[in-house]
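First the structure, in the form of structure tokens, and then the observations on it.
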Amino acid sequence: MTTAASNSYLARLRPLRLPRVCVAVTGSDAAEMIQKAEALIRDNSFLEFRLDYLHRPALALTKIKQFTEYHPHMVAIATCRRAVNGGKFRGSLVSQLDILAKASAAGCQLVDLELQSALRCRPQQLQRLRAGAALILSSHDFRATRKLEETLQKMVAISADFYKIVTTATTLFDNVVMMKFLEKHSDQHSLIGLCMGEQGIISRVLGLRAGSVFTFAAVSEDERTAPGQVTAQELQSTYRIEQVDAATRVYGVAGDPVAHSLSPAIMNAALRRETVNGVYLSLHAKTLKDLLACVRDIPIHGLSITMPYKEAIVRHLDNTDSHTTKIGACNTVVRAQDGKLYGFNTDAAGVVRPLQQRIVLEQAKILVLGAGGAARAAVFGLKERGAEVYILNRTAGPAQKLARQARARTIKRPDLKKLAFDVIINATPVGMGNTRESPLNEGEIKARYVFEMIYDPPETRLMKLAKAAGAEVIPGIEMFVRQAARQFEIWTGKPAPWDEMLRVATLTLQERAAAKNAMNNSTKR
Ligand code: NAP
């Protein structure tokens, strides 16, 4: 690293040991930016001042100086990216350089200059900039992850202390490309590399172990300075980025969409509680092919499979458990040491376990509403435990087929009034989201327990009707957490911290409901 070693500024910076996460701070004016920085500095000692977000960046410099003097142990980057290069600064190149030089005099130990601007600078201009701060030369591709080698070649022709290459992930595999690139070049150059976009999460969490000197995070969800940026809080507490190392096993939930999955919150909480060196990510896979390529290359040790891949993944697996074979759908994949993929279905456990805690399943009379994937898991799981299972579905065909396969019975809706059950299970989506529908009417609920598979909303109309009819309700979140707990056990061989997972899942749902209410209220005003 000849360029870096020759820079006396970097030599002074090195003992500071750069923290691994830099939080990008914006603001509508200098006062707001500093106010945010003050709020962040207790938990984050590494901040990037996005001066280009300010209407008049130069006016912030005195305040930044006071701030850096007051917090001598912090590390600050000053960025004033020009609008033509993807930032927001509308001034000239000369004013950009002037602001960056003043920011370094105000205590920012690093300055970020984009490649396009640097290419237009004279060597002396860059040298002057590096006299006061370490220079991060940056390149951003807002569309794709491509030409990394070429870009690096162009960049290293200019002396800088760090080379930052940020691209956009349009597939999960783009993360693999970025991480291989980091692994290949981080011995020769101080690199910062990551992919933006929802699909870039892998590189944000695993990029450090591939060789990125640090990574970037947002202050909060609505203050992202780059698409797909994760919040500092998420990187630190959910993904425990400080602990991710070469031995960290990678797990994830794969589907399309997956943005609202509860799995990362509860699985990372479980990994933390059981001190498993693992991290669990949200993998937005637009195709199975893309997902499977990542499983091999990253490598990914375990996957939760969700819509729409539960059925389609089965034929890509080397072996499956008996539940997966019978149900015809897989929700859990394990990658063995030899790279082989094994499939399991834990949805059956998600239904059976909560019921076993409450009743004896042998000969229990259970009605399953629906005949789709979740209903199939319930019917096979319950039949295996000796329950007497009845199926009621909107369309007769799938119900009859399932009943034949599982040796269960079908019933017709008018018969409901005459029958009483130990448990009624709703395995249809009726009542999900904002709908206030129920798959059964008041007079049709004659059961000791009503098991609702839906968990969003936490209380459906069916649950209310069931309570009014004197039944005990089992909420969908129990199934969700139980099937996740079983996945955890399959992957780690350890008992899952089920109560901690349920606590985190419930809390996350409550927080989301509160955020939704707040948003609705603000739009009403
Ligand atoms: P699926 O494979 O699409 O099956 C849906 C089933 O519901 C089908 O039998 C379908 O009947 C029936 N259905 C759909 N719309 C209906 C309507 N308007 N009226 C009456 N019946 C209707 O879905 P799935 O994967 O089995 O999931 C079913 C539900 O379980 C979803 O709400 C899902 O979120 C929930 N789930 C929860 C968990 C958990 O962990 N808590 C796990 C898995 C699933 P037809 O055959 O007539 O189309």
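The values are calculated or read from the model by the stated rules, or taken from the named source; none is laboratory data. Note that the structure is predicted; figures quoted are calculated from it, not measured. Positions of Cβ are backbone-derived with ideal geometry, glycine not excepted, and every protein chain shown enters the neighbour counts. The protein model used for the area step is the full one, side chains on, heavy atoms only, and it has no ligands, DNA or RNA in it. Shrake-Rupley method; radii C 1.70, N 1.55, O 1.52, S 1.80 Å.
Worth pointing out:
- Any hit, the stretch 104-122, residues being open to solvent by 30 Å² or more (accessible area, probe 1.4 Å) and of a type in the set (A, V, I, L, M): yes
- Residue list for the stretch 28-65, restricted to those being open to solvent by 90 Å² or more (accessible area, probe 1.4 Å) and closer than 15 Å to S220 by Cα: Q35, D43
- Verdict on P308 being surrounded by fewer than 20 Cβ atoms within 10 Å (Cβ to Cβ) and under 21 Å from I454 (Cβ atoms): yes
- Single match in R503, R512 (criterion: open to solvent by 80 Å² or more (accessible area, probe 1.4 Å), modelled with pLDDT of 95 or more and in a helix (DSSP H, G or I)): R503
- Pick from the stretch 118-151, criterion assigned to a loop (DSSP other than H, G, I, E, B) and of a type in the set (K, R), ranking: farthest from the chain's Cα centre (by Cα): R122
- Residue within the stretch 419-428 that is open to solvent by 60 Å² or more (accessible area, probe 1.4 Å) and out of contact with any Ser or Thr (no Cβ under 6 Å at 6 or more places or on another chain) present: no
- Flag for M479 being open to solvent by less than 40 Å² (accessible area, probe 1.4 Å) and in contact with a strand residue (DSSP E or B) (Cβ under 8 Å, 6 or more places away or on another chain): yes
- Meets criteria (in contact with a His (Cβ under 6 Å, 6 or more places away or on another chain) and either at pLDDT below 95 or surrounded by 15 or more Cβ atoms within 10 Å (Cβ to Cβ) (or both)) for V258: yes
- Being within 13 Å of the ligand (Cβ to nearest atom) and assigned to a helix (DSSP H, G or I) is a description that does not apply to I490.
- With respect to the conditions (1) under 24 Å from the mean Cα position of the chain (by Cα); (2) without any contact (Cβ under 8 Å) to a residue 24 or more places away in the chain; (3) under 21 Å from T346 (Cα atoms), L507 falls short on a single one, namely (3).
- Once the stretch 450-476 is narrowed to residues that are open to solvent by 20 Å² or more (accessible area, probe 1.4 Å), touching a residue at least 40 places away in the same chain (Cβ under 8 Å) and touching a strand residue (DSSP E or B) at 6+ places or on another chain (Cβ under 9 Å), the residue that is farthest from the ligand (Cβ to nearest atom) is E472.
- Qualifying residues in the stretch 208-232 (those that are part of a helix (DSSP H, G or I) and in contact (Cβ under 8 Å) with a residue 24 or more places away in the chain) - the one farthest from F181 (Cα to Cα): E223
- The residues listed here are Y251, Y309, Y280; of these, the one that is among the hydroxyl-bearing types (S, T, Y) and within 16 Å of the ligand (Cβ to nearest atom) is Y309.
- Residues that are of a type outside the set (A, V, I, L, M) and assigned to a helix (DSSP H, G or I) within the stretch 86-105 comprise S95, Q96, D98, K102, S104, listed in sequence order.
- All told, V276 meets the bar of being part of a loop (DSSP other than H, G, I, E, B), open to solvent by less than 60 Å² (accessible area, probe 1.4 Å), hydrophobic (A, V, I, L, M, F, W, C) and closer than 15 Å to A485 by Cα.
- A447, sole failed condition from (1) buried (at least 20 other Cβ atoms within 10 Å of the Cβ); (2) within 14 Å of the ligand (Cβ to nearest atom): (2)
- Looking only at residues in the stretch 189-198 that are modelled with pLDDT of 95 or more and open to solvent by 10 Å² or more (accessible area, probe 1.4 Å), the one that is nearest to T231 (Cα to Cα) is S190.
- Scanning the stretch 110-168 for residues that are over 18 Å from R81 (Cβ atoms) and among the polar types (S, T, N, Q) yields Q124, Q127, T145, Q153, S159.
- Scanning the stretch 309-327 for residues that are in contact with a helix residue (DSSP H, G or I) (Cβ under 7 Å, 6 or more places away or on another chain), within 24 Å of A399 (Cβ to Cβ) and in a loop (DSSP other than H, G, I, E, B) yields a count of 1.
- Subset of the stretch 386-406 [within 22 Å of K446 (Cβ to Cβ) and either among the hydrophobic types (A, V, I, L, M, F, W, C) or under 36 Å from the mean Cα position of the chain (by Cα) (or both)]: A387, V389, I391, L392, N393, R394, A399, A403
- Filtering the stretch 160-188 to residues that are surrounded by fewer than 21 Cβ atoms within 10 Å (Cβ to Cβ), in contact with a strand residue (DSSP E or B) (Cβ under 7 Å, 6 or more places away or on another chain) and not in a helix (DSSP H, G or I) leaves only T168.
- Entirely in the stretch 346-438, the strands (runs of 3 or more DSSP E) that have 1 or more residues that are more than 10 Å from the ligand (Cβ to nearest atom) and more than 15 Å from F451 (Cα to Cα): 388-392
- Flag if T68 is of a type in the set (S, T, N, Q) and open to solvent by less than 10 Å² (accessible area, probe 1.4 Å): no
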